[in-house]
Each structure stands twice: as structure tokens, then as C-alpha cells.
Amino acid sequence: LTSGYGWRYDGIVRSDVRYGSQHVKYDRPELQKYQNILMNGGVCGRRALFGRFILRAFGIPTTSRPSRGHGALCHWTPNGWVVNLGPGWGSGYTITRYGNDKDFLATTKARDDSVAYLKVKRAQWVGDVKGERRIYGETGGPKNLGFWYGVSLSIQRSIINKLKKKAVNPLDAIGNDEPVTIAQRIVASPVNDGVILIPAAAYSNPKQTKEVHVMTSFRGGLQIYLPSFASQGLTIMRGGTWKDNADACTSGHCMKSGGYGKYHNWGFRVALSPDIESPDGDGTCDSGLKMVELDLGDDVTLELVYIKPGTFVMGGENTEDGRFLCVEVPKHEVQ
């Protein structure tokens with residue numbers, strides 16, 4: 001919840017839906033579309049769609065307000081309707097009966113005087129009885145305007161002039177209605193208990209940071225949005241599972257992957273610190289257990305076998321770095 005109505009509720013687009021289409025290909029069909037948008041981000045259309053979803057969830061009137069080659073939204077505020085994520089009024093259209101966005105904006109202004117606006121509706125109703133073509137705006141639609149629909153537009157114009165309503169300035173994709181100040185940048189990087197937080201502003205150079213995005217944080221200041229890992233491999237995953245070869249379970253056996261896909265030879269290492277070993281030397285821990293079974297949910301369990309403390313040889317045979325292996329020598333004893 002932001003302090004200003006301009007970004008109230010749909011401010012989540014700035015803070016949680018990072019801009020870019022490069023990860024949209026990782027959308028998962030089993031997820032709902034809004035879950036995929038949160039996970040993989042998107043460009044104008046997807047971000048505006050998520051913004052309208054949030055606004056409607058909180059009962060705020062909203063509609064699409066695209067322009068040529070760009071998706072945006074508009075929504076109600078106490079001061080009038082405002083455009084988010086796109087250029088101002090007169091730059092696009094709405095998916096409504098009004099077509100041109102200026103015609104849509106005009107009727108929202110006039111409706112502020114609900115009593116006077118009844119005259120607009122009555123003129124339209126008479127026009128319908130007379131069989132006139134429905135025309136709801138002065139800037140869009142055909143020019144063959146009927147008498148009564150012409151009267152309705154004239155009354156609407158007089159209401160707007162009387163109210164002296166002005167259009168609310170648009171709020172762009174970054175949210176510059178709330179510009180980031182030096183104070184906010186300092187607040188975004190406090191020092192607590194000896195921990196230094198690097199301010200998000202330090203990552204704001206797109207030429208140097210590439211896919212690291214900086215967004216306004218709901219807690220004040222800025223926050224960093226890190227990219228998800230691509231399939232080309234930006235992380236190192238452990239290889240080796242219970243169904244793999246024994247040599248694939250060594251500490252040096254790794255594979256580059258971003259975590260997308262399902263492969264039988266992806267594994268992981270888990271260790272659990274047991275109770276003190278039983279003094280009778282029977283190879284069990286103090287509780288007498290030789291194995292611990294963990295319930296991971298969905299009928300999946302993980303078995304951990306107790307290994308008696310002692311001296312072990314760490315390392316392997318590989319002497320070269322590669323895509324799937326790293327240097328495992330020299331072998332050495334560990335306790």
C-alpha cells in the first residue's frame with residue numbers, strides 16, 4: 001500500500017514484476033498466468049495485465065489503456081483517472097465504447113457531477129429512441145452525429161467546463177511520481193549490527209549490471225531484483241544421484257545448469273548432525289539409530305545413514321577443470 005493513490009495497489013508492478021521478456025519462455029503451463037508473470041516478469045502488456053488484476057482485487061475501477069506498440073492501464077483515483085505504465089491521455093485508446101482515450105477521460109470527468117450527468121444520459125436515451133447512431137465522444141468515431149447525441153456531448157462538455165477538472169499526469173513504468181531521493185538511498189543501505197548493506201542504487205547502471213533490475217521498495221528506498229537463472233547455465237549444480245554411477249558422486253563432479261528441466265542425474269548433498277556416538281562402539285549414535293528417515297511431503301522420503309566418526313580421504317582422481325569436473329587432487333585426510 002503506497003501513500004499516493006497514483007500507484008496504490010498496482011505499485012507491486014514496480015517492485016515485483018521485473019521488466020524484460022527474456023524469461024517469459026520459462027513460463028510453466030501448470031501455473032496460473034499471474035504466477036508466471038511474478039516468476040518471469042514481462043514487458044508492457046504482461047505488467048499492465050498484472051496491474052489491472054491487483055487493482056480489481058482491491059475494488060479499484062481500471063481498464064486497459066494501450067497505445068501503438070505499447071500496453072498500459074488506467075484506473076480511478078480521488079483526483080481523477082490516471083494512466084500507469086504508459087504515456088498520457090491522448091496517446092492511446094481504451095477497450096471500451098469510447099474508443100479514443102480522451103473520450104473515455106471526458107466521460108469520467110463529467111460523471112463526477114452525477115445529477116447533471118443524468119441530462120447527458122437522457123439525451124442519449126432520446127437519441128436511441130430516434131434511431132440515431134451511438135457516438136460517445138467528440139474526438140473518436142464517425143462524423144455523422146445525430147441531433148440528440150450531439151446534445152449529449154454538448155451537455156457533457158459544459159459539465160466538465162463548470163467542474164474545471166484537469167487530467168492527472170501519467171505515471172511511467174518506473175514510477176517517477178515518487179522520485180528517489182538521496183535520503184531514500186541512504187535509508188536503503190543502513191548499517192545494523194555491523195552488517196553493511198550495499199544500496200540498490202549502486203546497481204542501477206544497465207550497461208554494467210545487465211539483468212539486475214532496481215525497483216522502488218514498499219519498505220522505502222530501492223531494492224534489487226535479481227534475474228532467474230537461464231538454461232545456458234549460470235549456476236553450478238551437483239551431479240550424481242542414487243541411480244547414477246559411483247564416480248559421479250564425488251565432490252568434484254558438477255554440472256552447469258540453471259535448474260530448468262528434469263534429469264535423472266541431478267543430485268544434492270545433505271548432512272545431518274547426529275547425537276553423540278554411543279560409547280559402546282557399535283557404530284550407532286547415542287540414540288541408537290543407524291538411519292533417519294525424513295518426510296519431505298507428497299509421499300517423498302529421504303533416508304540418512306549414520307556414518308561413524310573417523311578419518312576419511314577427501315578428493316578424487318581428476319586433475320583438470322572442465323564443464324562437468326573440477327580438480328580433485330591432491331587427496332588428503334580429513335577427520
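No lab work stands behind these numbers, since they all come straight from the coordinates. Note that this is a predicted model, so its numbers are computed, not measured. Glycine also receives a Cβ, built like all others from the backbone with ideal geometry; neighbour counts cover every protein chain displayed.
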Cα→Cβ-extended label distance, 7 Å offset, between Lys166 and Glu303, nm: 7.5 nm
Can you classify segment 17-72 as rounded, prolate or oblate using the Cα gyration tensor, where a ≥ b ≥ c are the square roots of its eigenvalues, rounded means a/c under 1.5, and otherwise it's prolate if a/b beats b/c and oblate if not? oblate
Karplus 3J(HN,Hα) series, Hz, for segment 63-75 with 6.51 cos²θ - 1.76 cosθ + 1.60 (x for Gly, Pro): 7, 6, 9, x, 10, 4, x, 8, x, 8, 9, 9, 8
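Between rounded, prolate and oblate, where does segment 92-162 land on the alpha carbon gyration tensor, with a ≥ b ≥ c its root eigenvalues, rounded for a/c under 1.5, else prolate if a/b exceeds b/c?
Working: a/c = 1.80, a/b = 1.04, b/c = 1.72.
Oblate is the answer for segment 92-162, as a/c is 1.5 or above yet b/c matches or exceeds a/b.
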Once you put a point 7 Å from the Cα of Ala57 and another 7 Å from the Cα of Lys121, both along the Cβ direction, what distance in nm separates them? 3.2 nm
At 7 Å along the Cα-to-beta-carbon direction for both Glu320 and Asn79, put a label point, then send me their distance in nm to one decimal. 6.7 nm
Extension reserve of the Glu30-Arg68 stretch, reckoned as 0.36 nm per residue once the Cα distance is removed: 10.5 nm
